[in-house]
Amino acid sequence: MIEIEELRKSYNGQRALDGFSLRVEEGELFGLVGPNGAGKTTLIKILATLLPADGGRARVAGYDVAAAPRAVKPLIGYLPDVPGLYQDMRVSEFLEFFADAFRLPRLRKRAVVERALEGSGLSERRAAFVETLSLGLKQRLLLAKTLLHEPRVLLLDEPATGLDPLARIELREHLKALNRDGVTIFISSHILSDLEDICSRVALIANGRNAADVKGRTVLTLQEAVPPRVICEIEVAGEAEGAARLAGEFAGARLLEHAGNRLRVEIAGGPEQAAALLRHLVGSGVAVVRFDSRGPGLEERYREAFGGPRP
Amino acid sequence: MNPMIRKELRQRMRERRGWVLPSLYLLVLSGAVAFAYFFKTQDLFGFGELNEPQGAEVGVTIFLVSAYAQLTLLLLLAPVFSAGGLTIEKEQRTLAALLTSLLTSAQIWWGKFIASLLFLGLLLVSALPVLSLAFALGGVGWRELILVSVCTLVMLASMCAVGLYCSSYFRRSVHSTAVSYAVVIALTVLTFVATTLMSWYWQQEAGPGGTEEEMPDYVAAPLYLNPYVMLFSVFVRSGDDYPFWAISLKLFLAIACLAAALAMRNLERSGEQV
């Protein structure tokens, strides 16, 4: 559905994209992660037909975004990182304006706007001015606007920025539902836990290029059925020196972090290996207060790829 | 109907300036007409006894004063309505949504342009009764009224197009508005100063024998771009095939077309600004 080949873009000689390549299949919910200035927003702007690339090729549903932007626009819904609203318009006027901007026929427009109002839970507020809505409701309105013309591909640039936890959860559920309906979603976000929860695959980007984790993978497959590794977060009573030593000696275990009474251990294998480590620690007389194990999350893989202690 | 026009008009008329400005505008214009009338018929400044003015003289004075007052006010208002047209979309981060919709750059520009011009046109039309007061006194005909209105409208269209070009180029309304005002000053003041300087320089070169008829055309050329001179030329019946105001009109139309084309090109390339 989205094909990107060796895409390049510079701003005043500064490389924003330097040969980035990617392929997103139809119906995927695909994430894009990378540090600030990695080129995520530039990439999404090129896909949204807002920016011309200097080189390489980007296609959406088979259409080249540079050569056929008029064919691409009806297929995409784009939500920028800092989206704007017409604060002095009423909610229904705002949606009607964008329905007109997407040239929906008059009869269909009315039905589509009604559906958007109901779908976003804004029916009761249709006559309210946009400026009176809360941030969460504004985000709902923006998403409703983005979906008015029923795009096949959603391009979302940091859509959860500024949202409170409840609004973020709501957004995630909304995106999952859209994806179930067959909409391909390409989303960039700094909130790794959000991506981890909803994305099937995530691409890494750094300095405008495809970045790779320690195993050389540029695209990470999330939600694997059997995780090849488990991360254990352990909290003990008192100092964790002894526990850290014991964990380090355990077969297939690697101590990732040790501070105060807490330690983080990576262990090869599945949950059985984690249970074995717990038994080993308790059997050795360590007073374990908390033991939490899970598959290697996006956060760990992000750290592996970009090296920083804090993403 | 272009959805941009509907949106712009709706938003414009919701603003407080949507009714405050026309009210102030008509108030100032009425004041100018009253001043012109009393200036012509009364000895306001104690200059001594006035000759009894003819009704037609009073009519022409009122018409000229109101036409010039109108032009000055509208030239001051044109950047206010046009120079923020596109920068406001950039500032409130809505331009990306417009550019990724099925609206073309031309439609976006046209919507902004028509909305600006319609509001200025509304002011122009609302002042027609004031200008028509001169009819009661004579000296002014339909020709002058129509020509003055058309010239003013074309000039405003040109200024709106320039304002929108500035708006497409800059990111901030304050910069766009400042440059638009600079263009208005250049056209109204600098053209006059340029002609005066060139005329003086030519007189120096030609010596005392140089007459105005011998003065080359380029000396007066900047005045073709002066809105006040264009308006004044409407009252001068020269008998030329191409009267002064007609050449000015063509120049202003050319400026408007150029500014429109450049603004649309900028809009298409404004992805970095959104």
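The values are calculated or read from the model by the stated rules, or taken from the named source; none is laboratory data. Source: prediction; values computed, not measured. Neighbour counts are summed over all protein chains in view; Cβ atoms, including those assigned to glycine, are modelled from backbone coordinates with ideal geometry. We work out accessible area using only protein heavy atoms, side chains counted, and drop any ligands, DNA or RNA first. Shrake-Rupley method; radii C 1.70, N 1.55, O 1.52, S 1.80 Å.
Karplus couplings for the range A:29-42 from phi (6.51 cos²θ - 1.76 cosθ + 1.60, θ = phi - 60°), rounded to Hz, Gly and Pro as x?
Values per residue, Gly and Pro as x: 10, 10, x, 10, 10, x, x, 4, x, 6, x, 5, 5, 4 Hz.
Show which aspartates and glutamates lie in cross-link reach of B:Lys90 when reach means a straight Cα distance below 14 angstrom and same-chain residues fewer than eight apart are skipped.
A:Asp81, B:Glu268, B:Glu272
Enumerate the calculated ³J(HN,Hα) couplings along the range B:125-138 in order (Karplus 6.51 cos²θ - 1.76 cosθ + 1.60, θ = phi - 60°), each rounded to whole Hz, writing x wherever the residue is Gly or Pro.
Couplings: 5, 5, 8, 4, x, 5, 5, 6, 3, 4, 4, 5, 9, x Hz.
Which whole number of Å³ per residue matches the convex hull of the alpha-carbon atoms in the range B:222-274?
Spelled out: Cα convex hull of the range B:222-274, divided by residues, is 84 Å³.
If only Cα atoms are counted, what is the Rg of chain A, and what is its Dmax, in Å?
23.0, 74
What ³J(HN,Hα) values, in whole Hz, does the Karplus curve 6.51 cos²θ - 1.76 cosθ + 1.60 give for the range A:244-254 when θ = phi - 60°, with x put for Gly and Pro?
Couplings: 5, 5, 4, 5, x, 7, 5, 4, x, 9, 9 Hz.
Over the C-alpha atoms of the range A:97-153, what are the Rg and the largest Cα-to-Cα span, Dmax, in Å?
11.2, 31
So what is the orientation-averaged projected area of the range B:73-136, using the convex hull of its C-alpha atoms, in nm²?
Orientation-averaged projected area of the Cα hull: 5.3 nm².
Over chain B, calculate the relative contact order: mean separation of alpha carbon pairs under 8 Å at least 6 apart, over the residue count, as a percent.
After rounding, I find 25 percent.
Tell me which residues come under 5 Å, amide H to amide H, from A:Gln87 once H is placed; ignore anything under 5 positions away on its chain.
Here the answer is none, since no amide H 5 or more places off falls under 5 Å of that of A:Gln87.
Let me check against my output: what whole-number percent is the relative contact order of chain A, with C-alpha pairs under 8 Å and at least 6 apart?
19
Using the Cα gyration tensor of the range B:126-217, with a ≥ b ≥ c the square roots of its eigenvalues, what is the shape: rounded (a/c below 1.5), prolate (a/b larger than b/c) or oblate (neither)?
Cα axes put the range B:126-217 in the oblate bin.
What does the charge count around A:Asp88 come to, taking other residues whose C-beta lies under 15 Å from its C-beta (Lys +1, Arg +1, Asp -1, Glu -1)?
Its environment carries a net charge of +3.
Volume per residue, Å³, of the convex hull around the alpha-carbon atoms of the range A:52-134?
127
Leaving ligands, DNA and RNA out of it, rank B:Asp217, A:Asp54 by accessible area with a 1.4 Å probe, largest first.
Final ranking, largest accessible area leading: B:Asp217, A:Asp54.
Just check the range A:196-255 against the gyration tensor rule for me: Cα atoms, a ≥ b ≥ c as the square roots of the eigenvalues, rounded for a/c under 1.5, and otherwise prolate or oblate depending on whether a/b exceeds b/c.
Prolate shape, in that a/c is at least 1.5 and a/b is the bigger ratio.
Using only alpha-carbon positions, what ratio does the radius of gyration of the range A:1-154 give when scaled by 2.2 N^0.38 Å?
1.15
For the range B:3-273, would you read off the P(r) tail past 32 Å as a percentage of all alpha carbon pairs?
It works out to 34 percent of all Cα pairs.
Quick one: divide the alpha-carbon radius of gyration of the protein assembly as shown by 2.2 N^0.38 Å and tell me what you get.
1.37
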